[in-house]
Each structure stands twice: as C-alpha cells, then as structure tokens.
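Here, each number is a calculation from the coordinates, and none is a lab measurement. No experiment lies behind these values; they were computed from the predicted model shown. Here the Cβ is made from the backbone with ideal geometry for all residues, glycine too, and neighbour counts use every protein chain on show.
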Amino acid sequence: MKTSIATVSINGSLEEKLKSISKMGFKGVEIFENDFLVHDLKPKEIKKIVSDYGLEISLFQPFRDFEGMPEPYRSRAFDRAKKKFDIMNELGAKTILVCSNTSNLAVGGIDRAADDFNELGEIAKNRNIFIGYEALAWGKYISDHRDAWEIVRRANHNNVGIILDSFHTLSRDINLDSIASIPKEKIFIVQIADAPKYNMDLLFWSRHFRNMPGQGDLNVLDFMQTLYNTGYDNWISLEIFNDQFRKDNRDVIAKDGYRSLINLSKKNEIVERTKIKKIEFLEFSVKKEELNIIHALFNSLGFVKVGHHKTKNIILYVFGNVKFIINAEIASNEKNGEFNPYAFGLVVDNVQSTLKRCKALKINNVKDFYLKNKFKMNLIEDNGQYIFLIDNKKWQNDFNFLDQVNQNSNLEFDHIAISVEHSTLLSSVLFYKSLFECKKISNTDIIDPSGIIKSHVIENKSKTFKIVINSAENNETLTSQLRKKKYISNIQHIALRTDDIFKLSKKFNELGLKTLKISDNYYDDIDAKFGLETNILKKIKENNILYDEDSDGSFFQIYTTLINNSFFFEFLQRNKSYDGYGANNAIFRISAQKKLIYGCHT
C-alpha cells in the first residue's frame with residue numbers, strides 16, 4: 001500500500017507536519033494549498049524539505065469552482081489553473097484535486113463539464129500534470145462519484161481521471177458496486193475517511209467530524225474491498241477534517257492515521273487481525289506491606305488464594321472462572337505504586353502472529369519491562385493499556401498451587417471498562433479494532449451530574465471479550481476524577497458475570513462485603529417503570545441491586561464501593577438475551593459513588 005495523508009489532517013506548521021508524517025511511516029503527503037500559501041519558503045525549497053523527509057507529494061489540493069462556469073469566470077478559472085500548474089511543477093507535485101463546483105454561478109450539464117475537463121487536460125498535458133476530479137457530497141450539480149466518473153469518461157483525456165473519497169460516497173449511501181465499472185488506471189488517488197453516523201448537513205459533518213478509518217461508523221472496509229477488486233494499487237490517502245485532531249498531539253494523530261491505513265491493507269500484505277478466545281486473568285499491582293489488606297478484600301469478594309509464584313511475590317486468586325493475579329513486585333519498583341488493576345491477559349489464537357501485527361501497527365511490545373523483572377509472557381502497551389498475550393497455559397507453571405477449593409459457584413469475566421483522556425478515545429477504539437478481530441458495538445452518552453461521559457463498547461464475535469472505553473471532557477466527572485488517581489493503568493471498572501445474583505449477594509453479606517448503597521428513590525422508580533413482583537423488588541432493594549430490562553431480557557447489577565478511590569467491581573446477571581450494559585442505571589451508580597467521595601451528590 002502506498003500510504004499518504006493530507007497536511008490538513010494534523011496541526012502545526014508545514015515543516016512540523018511533514019516531520020510527523022515522515023516519522024510515522026507515510027510515503028506520501030497531500031499538500032493542502034493553505035499550508036503552502038502561509039509558508040515563506042519558495043516552492044522549490046518546500047520540494048527539497050519534502051524530499052529530505054523521504055516523502056513524495058501525492059496530491060496538491062484543492063482547486064475549486066472550475067467546471068461549468070460562464071464567462072468571464074470560465075476564462076479566469078483556466079488562468080488560475082495554469083498558474084497552479086506552474087507552482088506544482090516547482091513543488092514537484094504531479095496531481096491536482098479539482099472538486100465539483102459549489103458556486104451559484106455554475107451551470108449544469110455533463111457534456112459542458114466534460115468539455116471543460118478535456119480542454120484543461122490538454123493544458124495539463126503540456127505541463128506534465130494530472131487532474132483528478134472529485135464529487136463533493138454537497139456539490140451544486142455533481143455530488144455523486146458516478147456522475148463525476150461519467151464526466152471523466154466523456155472528457156476522454158489521459159491526463160484527466162477521478163478521485164474517490166470514501167466520505168463523499170458513504171455519507172450519501174451510494175451503491176459501492178458502481179466503483180467496479182471504473183478502470184483502475186482512471187482512478188488517480190483514493191482518499192479515505194471515516195466518521196460517526198450523524199444526521200446533519202453534509203458539509204458541516206465533513207468539515208468537523210471526520211476521523212480515521214476504524215474510528216467511526218461508515219462502512220470503510222467494504223469501500224476498500226470494492227476498490228481492491230478493481231485492481232487499484234496507487235495512493236491511499238487520509239483526508240481528515242476534525243476539530244479535536246487540530247488541537248491534539250500531531251504525532252499521535254499521525255500514528256493513528258498510519259495504523260488505520262495499515263489496518264485496511266489487503267489480506268496478503270499483513271498478518272490478519274488476532275482472534276481473542278477469552279480474558280484469562282486480571283493483574284493488580286500492590287505494595288508488599290498491603291498484601292494482608294488485599295487478601296482480606298479478595299476474601300470478602302469470594303476469591304480464594306490458590307497459588308504463589310515460585311520465585312516472586314506474586315499471588316493467584318480464583319473465583320469460578322475468574323483469575324486475579326496480585327503482583328507485589330511491580331509496585332515495589334515504583335515510587336508511587338498503589339493497589340490497582342494495571343493489565344489483563346488475553347488468550348489469543350497465535351501470540352507470534354499477534355506480535356507481527358503489533359509491529360506493523362506500531363504497537364509497543366514491552367520487552368525491556370519484562371526482561372528487567374524476568375517475566376516470560378509478552379506484554380503490549382498502547383496509550384496506557386497493558387495487555388498480556390497468551391496462547392497456552394504455560395504461565396501457570398510459574399506457580400506453586402495450593403489445594404483447590406470447590407466453590408460451587410459460576411463467575412465469569414463479563415467486561416472491563418477503561419477510562420482514557422478525551423483526546424485519546426478514538427485512538428483507543430482504533431487500537432482494539434485494528435489489532436483484534438472485534439468491532440464497535442455501541443457509542444453511548446452516559447449522564448454524570450458533572451457532564452457527559454462518552455462510552456464506546458468493543459466486542460469480539462463470540463462475546464468472550466468485551467471492553468468499554470470511557471472518556472469525558474469535563475474533569476469533574478467521576479471517570480475523569482478516578483483516572484487522576486491511577487498511577488500506571490487506565491482500568492477503572494471490572495464487571496464479573498454470575499448466573500445467580502441473589503445467591504452471590506447472600507454470599508457477600510455473609511463475607512461482610514460492603515456494596516454501594518443505592519437511594520430508595522431509585523427503587524420507587526423501578527417499581528413504577530417495570531412493575532416487578534413484590535418479593536423481587538424487596539430483594540433487590542435490600543441488597544442494593546440495580547435493575548434494567550428491554551425487549552430481549554433483564555439485567556441485575558451490584559457494585560462495590562470505590563477501592564483505593566480509583567476503581568470498583570461490578571457483579572451482574574444477564575437473563576435471556578439482554579445484551580446491554582445497564583446504561584440507564586449509570587447516573588444512579590455515579591451519584592452514589594460521588595456521594596461516598598464528596599459526602600454529597602455532585
């Protein structure tokens with residue numbers, strides 16, 4: 001794949017942008033005209049900088065309001081084009097993007113536009129320039145790539161071709177099969193962008209909410225597969241207009257952009273995404289002097305100590321099919337080490353293949369960390385997310401096991417929730433979607449009394465791996481407040497699934513576990529909303545159990561109080577086919593947690 005990105009996609013000066021683009025592995029760059037115009041250097045000097053960074057100019061853009069103009073505007077458009085072509089020759093740019101006309105002065109007509117492009121093609125030919133015509137989704141007459149292709153076809157000039165843009169096609173739900181009729185040699189460049197699904201003005205949507213492929217909701221994968229079926233093998237370029245990206249770290253944005261393109265590679269160009277079988281364990285860091293306290297906590301949660309590492313101060317606890325590893329080695333090596341969940345282990349189909357894909361996607365393999373502490377498992381990290389990769393049971397050989405205790409209880413990992421900076425939310429979504437065979441299931445706004453929490457749910461097909469990624473712009477929200485207290489990881493919420501919430505609740509009472517107190521007003525509302533049987537309503541109220549239901553089934557939740565003021569556990573039961581996460585209950589849980597922290601509802 002010939003990877004490229006438009007300079008408009010990241011912030012900074014032109015030189016700063018080129019440095020980041022080159023650093024992250026791109027081979028080409030689209031020079032956005034404004035980035036060139038505000039620069040003091042001459043075109044030939046910019047050409048040298050581009051070359052020194054090992055880049056090639058894939059496109060110069062945009063050239064607006066060209067086709068279908070009446071005189072004298074038509075002549076002016078041709079004069080503008082000639083001057084742009086001369087500048088491009090000095091820059092070393094071979095292809096220019098001409099977008100469909102949006103001017104109120106323009107006159108419609110396929111043949112009229114084709115004649116204009118044929119004439120412009122002759123001018124371009126004499127200057128060794130190629131013209132790519134793009135249908136803007138909001139073009140006055142041409143807003144569909146099928147019409148743009150018909151104009152290019154009728155123009156019948158070797159120097160005139162089409163530029164396809166996934167946003168302009170997918171935002172209008174245009175049938176992708178139409179791309180198959182375009183000869184690959186007439187596709188001069190392909191621009192790729194994703195976006196969340198919004199029902200809004202197309203121009204505003206495009207100019208403010210585009211994001212990297214895999215971060216949004218558009219069907220970019222099918223677009224790319226249709227493109228590959230034509231045999232196209234030229235530039236694939238990112239053109240991203242996004243207000244958040246314009247103020248975020250340009251290296252992070254450029255890395256995400258590169259990762260998103262690699263994720264779109266043909267199957268024979270990169271190791272396929274990894275299949276996750278299940279979550280094997282969750283690992284916590286703890287100070288040695290706190291081990292007795294943690295032991296008491298885990299006992300109150302129903303977990304039993306079953307093993308101790310042969311050479312390290314690492315302990316294994318188990319409850320049902322859930323394994324917790326308590327690591328007193330890591331926190332002891334950190335100045336501010338505290339009791340926190342910092343990583344989880346995933347059973348994958350092939351660790352070595354996963355590591356190869358990590359390398360291609362520029363995901364860190366934390367080798368030095370492991371060599372220092374003599375660990376044997378592979379650990380990867382991205383944006384503060386630490387994951388052990390496992391494809392066998394050998395890790396258990398490091399433990400001396402105690403006598404197994406028959407707990408006669410079923411407990412499974414349901415999901416893990418992490419909290420990330422608002423600026424890295426989409427980056428985290430892309431991390432999981434590009435490395436693992438999973439997809440984004442939902443995008444929900446959670447109400448916190450202090451603001452909105454954005455929540456994205458990622459799942460694999462078998463639903464044996466589910467992760468919830470939360471972020472908030474307001475620093476007073478609970479998710480932001482708890483994240484400030486984390487010292488090494490962003491894991492904030494561990495949800496464990498049982499098949500008998502009332503039996504589990506009874507066990508918690510016997511073990512002395514203090515659960516999160518839910519207000520009586522909540523249960524009055526539940527009674528009015530769902531009309532539960534009196535004995536069920538009494539049980540859930542007595543045990544601080546939250547309830548939800550939909551057309552597919554019902555849902556029960558119990559929460560612990562905050563642990564170390566930084567994370568908490570949820571125990572849940574899903575009945576029938578309920579597949580949600582109890583989002584309607586989040587505000588009540590958050591309010592109860594904030595009351596514990598601040599002594600009042602805030």
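In debye to the nearest 20, how big a dipole does the chain give about its Cα centre with +1 on each Lys and Arg Cβ and -1 on each Asp and Glu Cβ? Walk me through the numbers before you get to the answer.
Working: 84 positive and 78 negative charges, 364 e Å.
The calculated dipole for the chain is roughly 1760 debye.
Inverting the mean 1/r over all pairs of different Cα atoms, compute the Kirkwood radius of the stretch 276-401 and quote it in Å. Before the final figure, lay out the partial values.
Values: mean 1/r = 0.0657 Å⁻¹.
About 15.2 Å, per the Kirkwood formula over Cα pairs.
Across bins of 10 angstrom width beginning at 0, how are the C-alpha pair distances of the stretch 413-506 distributed, in whole percent?
16, 44, 30, 10, 0
Taking amide H atoms as placed 1.01 Å from N in the peptide plane, list the residues 5 or more away in sequence, or in a different chain, whose amide H sits under 5 Å from that of Asp165.
Sorted by chain and number, the residues that satisfy this are Gln191.
Can you compute the charge dipole magnitude of the stretch 276-401 about its Cα centre, using +1 on each Lys and Arg Cβ and -1 on each Asp and Glu Cβ, nothing else charged? Give it in debye, rounded to the nearest 20.
Dipole magnitude for the stretch 276-401 comes out near 460 debye.
Of all the C-alpha pairs in the chain, what % are more than 30 Å from each other?
59
Could you work out how far helix 14-23 tilts from the main Cα principal axis of the chain, as a 0 to 90 degree angle to the nearest 10?
60
Consider all pairwise Cα distances in the stretch 2-266 and report the whole-number % of them above 34 Å. Present the calculation step by step, with values, prior to reporting the outcome.
Numbers: 4235 of 34980 pairs.
Every Cα pair in the stretch 2-266 considered, those over 34 Å come to 12 percent.
Most exposed first by the Cβ proxy, i.e. fewest other Cβ within 10 Å, how do Tyr432, Tyr133 rank? Could you put the intermediate results ahead of the total?
Working: Tyr432 23, Tyr133 27.
With the sparsest Cβ surroundings first, the list reads Tyr432, Tyr133.
Sort out for me the Cα centre separation of the stretch 525-546 from the stretch 218-268, rounded to whole Å.
Between the Cα centres of the stretch 525-546 and the stretch 218-268 lies a distance of 49 Å.
Would you mind counting up the charge near Ile187? Only other residues with Cβ under 14 Å from its Cβ, with Lys and Arg at +1 and Asp and Glu at -1.
In short, +1.
If one computes the Cα centroid of the stretch 152-199 and of the stretch 65-105, what distance in Å separates the two points?
The distance from the Cα centre of the stretch 152-199 to that of the stretch 65-105 comes to 20 Å.
How about Lys539: which lysines have a C-alpha closer than 22 Å to its C-alpha, ignoring those fewer than 8 places off in the same chain?
Correct list for Lys539: Lys503, Lys506, Lys507, Lys514, Lys517, Lys529, Lys576.
How charged is the neighbourhood of Thr560? Take every other residue with its Cβ under 14 Å from the Cβ of Thr560, and add Lys/Arg as +1 and Asp/Glu as -1.
Numbers: positive: Lys507, Lys514, Lys517, Arg589; negative: Glu570.
My count for the surroundings of Thr560 gives +3.
Using only alpha carbon pairs under 8 Å that are at least six residues apart, calculate the relative contact order of the chain and give it in whole percent.
Dividing the mean separation by the residue count of the chain yields 10 percent.
Return one number: the angle in degrees, 0 to 90 and rounded to the nearest 10, between the long axis of the Cα atoms of helix 110-126 and the longest principal axis of the Cα atoms of the chain.
Compared with the principal axis, the helix lies near 80 degrees.
Helix 43-52 sits at what angle to the longest principal axis of the chain, using alpha carbons and giving 0 to 90 degrees rounded to 10?
Its long axis makes an angle of about 40 degrees.
Tell me the net charge near Gln215. Cut-off is 11 Å between Cβ atoms, Gln215 excluded, with +1 for each Lys or Arg and -1 for each Asp or Glu.
Details: positive: Arg210, Arg259, Lys433, Lys440; negative: Asp194, Asp217, Asp256.
Neighbourhood net charge equals +1.
May I ask which of Lys275/Lys394; Lys17/Lys94; Lys255/Lys440; Lys247/Lys433; Lys44/Lys247 have a Cα-Cα span longer than 26 Å here?
Check vs 26 Å cut-off fails for Lys44/Lys247.
Out of the DSSP beta bridges found with both residues in the chain, what percent are antiparallel (nearest 5)? List each step's numbers first, then the result.
Working: 67 of 115 bridges.
Beta bridges within the chain, antiparallel portion: roughly 60 percent.
What full-extension length gain, to one decimal in nm, is calculated for Asn89 and Asn521 as 0.36 nm per residue of separation minus the Cα-Cα distance? Don't jump to the answer; show the numbers that get you there.
Details: separation 432, 0.36 × 432 = 155.52 nm, distance 7.20 nm.
Once the chain is fully extended between Asn89 and Asn521, it gains 148.3 nm.
Select from Val38, Ser22, Phe298 the residue farthest towards the positive end of the dipole of the chain; place +1 on Cβ of Lys and Arg, -1 on Cβ of Asp and Glu, and compute about the Cα centre.
Positive-most Cα among the choices belongs to Phe298.
Put +1 on the Cβ of every Lys and Arg and -1 on every Asp and Glu Cβ in the chain; which of Leu170, Tyr342, Met69 then has its Cα farthest towards the positive end of the dipole?
Of the candidates, Tyr342 comes out farthest on the positive side.
Hey, for a label at Leu291 modelled as a point 7 Å past Cα toward Cβ, could you say which residues of the stretch 306-324 have their backbone N under 14 Å away?
Under 14 Å, as judged by backbone N against the label point of Leu291, lie 306-317 of the stretch 306-324.
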